[in-house]
1. Gap in Å between the Cα centre of the range 76-115 and the Cα centre of the range 229-261?
2. Can you give the calculated 222 nm mean residue ellipticity of the chain, where each DSSP H run of n ≥ 4 adds -39,500 (n - 2.57) and the sum is split over every residue, rounded to the nearest 500 deg cm²/dmol?
3. I want to verify a result. In a Gaussian network model of the chain, Cα cutoff 10 Å, which of these has the top mean-square fluctuation: 174, 365, 160?
4. Please work out whether the range 240-294 counts as rounded, prolate or oblate from its C-alpha gyration tensor, where a ≥ b ≥ c are the square roots of the eigenvalues and a/c under 1.5 means rounded, while otherwise a/b larger than b/c means prolate and anything else oblate?
5. With a 10 Å Cβ neighbour count serving as the proxy for reagent exposure, in which order, fewest first, do 40, 308 appear?
6. Round to the nearest 0.05 the FRET efficiency obtained for residue 346 and residue 272 when R0 = 30 Å and r is the Cβ-Cβ distance.
7. Can you tell me the convex hull volume per residue for the range 39-93, based on C-alpha atoms, in Å³ to the nearest whole number?
8. Show me the ranking of peptides 335-343, 197-205, 96-104, 83-91 by mean Cβ neighbours inside 10 Å, starting with the highest.
């Protein structure tokens, strides 16, 4: 279930995967900083940031990315209702609603349904500049969602699949002139076509280790290619229904408002936050002697890529080199660019990615009619000072 692409397939896509860098190692090798290699600070990012004020609020320090998988203790954490403690001994995943055989499955019963692995990276839809640390990439172990749904026998009338977490909180619901305070679980839904596909995944391990409480233990949903909000943590129930699910985090939050000029008139469209938009960003710049290297990250919905490019100041776009260890369909993609001839002073670097369908990562100006901070996939200029 890892959906790995071969090296030959990547080459056909127009990405250069090999070649030696000026450092004497393959450009796609991403080790931790060597003794002779130093980090060039971003001047637009404070050096003394506290990215982990607590275990339940962690942001990945993108400057420390050194391989395809984000270490478990560095994977970003975010939530709306806190981090519940779920007893593994009494845990049951309920499958209810429009199914022939309702289920109440222990973690051990889920394990017996078959073990599979999925490499998937994702970001929070609110992952914004300058940090970009609400992102990560992991090797998830678990069972395909379809396996569980097939065992329950989904009825033909089922249209919406709702995933509830064990996390809950009090919400105020306004209906016309009335307001109600209700206890609600966190919930998100998938349409039948997506839920019954081979891709959604119920994960109980990350990078070959059991999920921690902060990562959604004992079970979480992974929807590869979608923003983090779809990947419901502390998964406790799957409810299958015919009607549209209108929970807070489905129907009221996580919406994007965009304007488009049609026949000389601005038309506004509200869309749900679902699959990830095409995005790249520069994570760090390093120096070894008078040589500089740029490392960056690409995230998207799994559409194959055509190219990734880097530009220095107002110079031409230059092709970056992709890391073949991150070539899986839903893995994040790491890239490097060797920056030769860097001169003293402040410089601006920016990356952009293009997929095989010709879609190009937009600039901030391209998104000026997007009235939401969610789904910000614009090109992000980074500033560095070369001494």
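1. After rounding, the separation between the Cα centres reads 19 Å.
2. Rounded to the nearest 500, the figure is -1500 deg cm²/dmol.
3. Highest fluctuation of the listed residues: 174.
4. Cα axes put the range 240-294 in the oblate bin.
5. 40, 308
6. FRET efficiency, residue 346 to residue 272: 0.15.
7. Looking at the range 39-93, the number lands at 134 Å³ per residue.
8. 197-205, 335-343, 96-104, 83-91
Since every read-out is calculated from the coordinates, none of them should be taken as a lab result. The structure displayed is predicted, hence computed values, not measured ones. Note that we place each Cβ from the backbone using ideal geometry, even for glycine, and neighbour counts take in every protein chain shown.
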